[in-house]
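Read-outs throughout are calculated quantities, based only on the coordinates presented, and are distinct from any laboratory measurement. Please read all numbers here as calculations on a predicted model, not as lab measurements. Please note: Cβ atoms are built from the backbone with ideal geometry, for glycine as well, and neighbour counts cover all protein chains shown.
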Amino acid sequence: MERTVYLNGEYVAESKAHISIFDRGFLFADAVYEVTAVLNGKLIDNAGHLARLERSCKELGLKLPVTGEELTGIQKALIEKNNLVEGGIYLQLTRGDEGDRDFSYSEDIKPTLVLFTQSRSLIDSPKKDTGIRVISIDDIRWRRRDIKTTQLLPACLAKHMAHAANADDVWLIENGLVTEGGSSNAYIVTDDNTIVTRPLSNDILHGITRASLMKLADDFDFKIEERHFTIEEAYAAKEAFISSATTFVWPVVAIDDKPIGNGKPGEVALKLREVYINTALEMAE
Ligand code: PMP
């Protein structure tokens, strides 16, 4: 079955949605994106995703052609048109196209806005039971990782490398310190059950799931500390885990082939996953 997707004000069949070869998203990765999870046909943490989209646009001087409210309307229409129960909605805004390839662009360029749904099982993902294995590699990305751009080649290559090494994903390292996962934020749990994660800066994406977990950790009396940590500290941690919009929380059971803790999904990670999903379902729009 073909999906109905949204392209620049119209709902069309996916095979009929066409974008110019001169679109700057295609030529220069001159584009930003967001992914919002959908559970029971409802949007999860969407206000946070739309707020971050606005911030990404502001940082790059990109003009959103619709309001946040209109965007939510489009997301909901796509959920309905595609009978989406569980999965995600991908949203991308490019700077647009001016009919040729040129590094510079004019101020009145018309942006391209695309949204489409992806049907996926999120709650019953097998990874919550098995956990994931990651390898650590150099973080070779640009220096504005706080902006959610579509420059994802380093992440694609990194995940390909992880799969070739029989792992599921990567943790990225800069100056000996963990920045984040391939497409997630990274956490460890120390012997006294403190959750440790890197503080916000331009070095990492300000995860919306991370922000919600920080709040939940407070509400449910988990100790949480925002500080840098080395990959060696991660090897020796009691637990490790990642968070993102579509994984929620996945335990990390091995880093560079070294088992973390007892090599099984950790209690703190599983508890946080449970409270995140329960709260997200209650607050879904
Ligand atoms: N860091 C990176 C590099 C990511 O790609 C993602 C996923 N978009 C995240 C962190 C997690 O962010 P969020 O919780 O908003 O999905």
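Put one equal scatterer on each alpha carbon of region 170-212, apply the Debye formula with no solvent term, and list log10 I(q)/I(0) at q = 0.14 1/Å to two decimals.
Debye output, listed in q order: -0.32.
Sorted by average packing, counted as other Cβ atoms within 10 angstrom per residue and highest first, what order do 256-262, 181-187 take? Working shown, then result.
Details: 256-262: 14.9, 181-187: 25.4.
Ranking the peptides 256-262, 181-187 by packing returns 181-187, 256-262.
Provide 231, 242 in ascending order of the number of other Cβ atoms located within 10 Å of each residue's Cβ, fewest first. All intermediate terms of the calculation are to be shown ahead of the outcome.
Details: 231 17, 242 29.
Ordered by Cβ neighbours within 10 Å, fewest first: 231, 242.
State the Cα centre-to-centre distance between region 100-166 and region 184-241 in whole Å.
So the separation of the two Cα centres works out to 21 Å.
Taking Cα pairs under 8 Å and at least six residues apart, what relative contact order does region 127-283 come out at, in percent?
Across region 127-283, relative contact order equals 27 percent.
Efficiency by 1/(1 + (r/R0)^6): what FRET value for residue 47 and residue 221, r their Cβ-Cβ distance, R0 = 30 Å, to the nearest 0.05?
On the way: r = 25 Å, r/R0 = 0.83.
Once rounded, the FRET efficiency stands at 0.75.
Please get the size of the charge dipole for region 127-283, origin at its Cα centre, with Cβ charges of +1 on Lys and Arg and -1 on Asp and Glu, quoted in debye to the nearest 20.
That gives region 127-283 a dipole magnitude of about 480 debye.
How much of the DSSP beta bridge set in region 112-181 is antiparallel, as a percent to the nearest 5?
Values: 3 of 8 bridges.
Just about 40 percent of them are antiparallel.
Once you have the Cα-Cα distance between residue 232 and residue 86, take 0.36 nm times their residue separation minus that, and quote the gain in nm to one decimal. Don't jump to the answer; show the numbers that get you there.
Details: separation 146, 0.36 × 146 = 52.56 nm, distance 3.71 nm.
In short, 48.9 nm is gained.
How about region 214-278: which trypsin sites (Lys or Arg not before Pro) there lie in a loop by DSSP and see at most 12 other Cβ atoms within 10 Å? It would help to have the intermediate numbers written out before the result.
Values: sites: 215, 223, 227, 238, 271, 273; in loops: 227, 238.
Sites meeting the loop and neighbour criteria: 227.
Sorted by mean Cβ packing within 10 Å, highest first, what order do the peptides 197-210, 93-106, 132-145 take?
For the peptides 197-210, 93-106, 132-145, the packing ranking is 197-210, 132-145, 93-106.
Order these by the 10 Å Cβ neighbour count, fewest first: 248, 222.
On the way: 248 25, 222 18.
With the sparsest Cβ surroundings first, the list reads 222, 248.
Hand me the GluC sites (Glu not before Pro) from region 1-42 located in a DSSP loop with no more than 16 other Cβ atoms within 10 Å, in residue order please.
Numbers: sites: 2, 10, 14, 34; in loops: 2.
Passing both the DSSP loop test and the Cβ count: 2.
As I understand it, the dipole of the chain uses +1 on the Cβ of Lys and Arg and -1 on the Cβ of Asp and Glu, about the Cα centre. Which of 118, 231, 183 lies farthest toward its positive end?
118
At 0.36 nm per residue, and after removing the present C-alpha to C-alpha distance, how many nm does the segment from residue 257 to residue 146 gain when stretched out fully? Before the final figure, lay out each step's value.
Details: separation 111, 0.36 × 111 = 39.96 nm, distance 2.93 nm.
Full-extension gain reported as 37.0 nm.
Using Cα pairs under 8 angstrom and six or more residues apart, how large is the relative contact order of region 63-129, in percent?
Numbers: 68 pairs, mean separation 25.9, N = 67.
Computed value for region 63-129: 39 percent relative contact order.
About the Cα centre, and with charges only on the beta carbon of Lys, Arg (+1) and Asp, Glu (-1), how big is the dipole of region 30-114? Nearest 20 debye, please.
On the way: 10 positive and 15 negative charges, 62 e Å.
Roughly 300 debye, rounded to the nearest 20.
Might you report the magnitude of the Cβ-based charge dipole of the chain about its Cα centre, with Lys and Arg at +1 and Asp and Glu at -1, to the nearest 20 debye? Don't jump to the answer; show the numbers that get you there.
Working: 33 positive and 45 negative charges, 55 e Å.
It works out to roughly 260 debye.
Percent of alpha carbon pairs in region 127-283 separated by more than 29 Å?
Details: 1219 of 12246 pairs.
Considering region 127-283, 10 percent of its Cα-Cα pairs are separated by more than 29 Å.
Report the antiparallel proportion of the DSSP beta bridges in the chain as a percent, rounded to a multiple of 5. Each step should come with its number before you reach the end.
Working: 44 of 56 bridges.
Rounded to the nearest five, the antiparallel share is 80 percent.
Which of the three applies to region 21-163, rounded, prolate or oblate, going by the alpha-carbon gyration tensor with a ≥ b ≥ c and a/c under 1.5 meaning rounded? Let's see the in-between values first.
Numbers: a/c = 2.09, a/b = 1.19, b/c = 1.75.
Here region 21-163 falls in the oblate category.
Across the Cα atoms of region 46-119, what radius of gyration and what greatest pairwise Cα-Cα distance (Dmax) are found, in Å?
14.1, 42
For the pairs 159/258; 159/215; 148/264, note any where the Cα-Cα span goes beyond 22 Å. Provide the component values of the computation, followed by the final result.
Values: 159/258 18 Å; 159/215 29 Å; 148/264 32 Å.
Pairs exceeding the cut-off: 159/215; 148/264.
Relative to the compact-globule scaling 2.2 N^0.38 Å, provide the ratio for the alpha-carbon radius of gyration of the chain.
Working: Rg = 19.3 Å, N = 285, 2.2 N^0.38 = 18.8 Å.
Dividing the Cα Rg of the chain by 2.2 N^0.38 Å gives 1.02.
How much length, in nm to one decimal, is gained on full extension between residue 60 and residue 281, taken as 0.36 nm per residue of separation minus their Cα-Cα distance? Mind showing how you got there, number by number?
On the way: separation 221, 0.36 × 221 = 79.56 nm, distance 3.29 nm.
The residue 60-residue 281 span can extend by a further 76.3 nm.
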